[in-house]
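Here's the structure, in structure tokens; my notes come after.
The values are calculated or read from the model by the stated rules, or taken from the named source; none is laboratory data. Small disclaimer: the values here were computed from a predicted structure and weren't measured. Because the Cβ atoms are built from the backbone with ideal geometry, glycine has one as well, and the counts that use them run over all protein chains shown.
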Amino acid sequence: MDIGLNSNFDIELDHRNDLPLVRGREAFEQRVEIRLTSYYTDLIGQNLDVNIVPLLELEAERVAEETPELDTLANILITPNPDVPNSLDVQIVYATGEEFFTTLSE
């Protein structure tokens, strides 16, 4: 369980004027987005001459391993965004066929 954040990673009150909580898959997706964004920013700042996609995939897998209630993860795909320079698309595919998308950019 985590406090729910908006798309800018800010806390907003929900419809009951209370802090929103996220659980399960929604909490996992929020953790992945936060951790990968942070890690991506760190890697870009280091000016590494390596392909960072495998490093980001490994970080996403670590988040999944740290989320015991998540047992339906099928695949994590990270690919360059063809429309936005210096951006990566993150696609998480669940065993149920459902998907989660987010984009990492500098």
Determine whether E99 is within 18 Å of R23 (Cα to Cα), surrounded by 12 or more Cβ atoms within 10 Å (Cβ to Cβ) and of a type in the set (D, E).
-> yes
Tally time: how many residues in the stretch 32-83 are closer than 20 Å to E98 by Cα, polar (S, T, N, Q) and within 15 Å of the chain's Cα centre (by Cα)?
-> 3
Of the conditions (1) in contact with a Leu (Cβ under 8 Å, 6 or more places away or on another chain); (2) loosely packed, with under 11 Cβ neighbours inside 10 Å, E65 clears all except one; give me its number.
-> (1)
Residues located in the stretch 85-95, provided they are crowded, with 17+ Cβ neighbours inside 10 Å and among the β-branched types (V, I, T) = V90, I92
How many residues does the stretch 26-76 contain that are in contact with a helix residue (DSSP H, G or I) (Cβ under 8 Å, 6 or more places away or on another chain), at pLDDT 90 or above and of a type in the set (A, V, I, L, M)?
-> 7
Within the stretch 1-31, track down each residue that is within 18 Å of T102 (Cα to Cα) and exposed (fewer than 11 other Cβ atoms within 10 Å of the Cβ).
-> N6, S7, N8, D10
Can we say P82 is of a type outside the set (K, R), at pLDDT 85 or above and exposed (fewer than 14 other Cβ atoms within 10 Å of the Cβ)?
-> yes
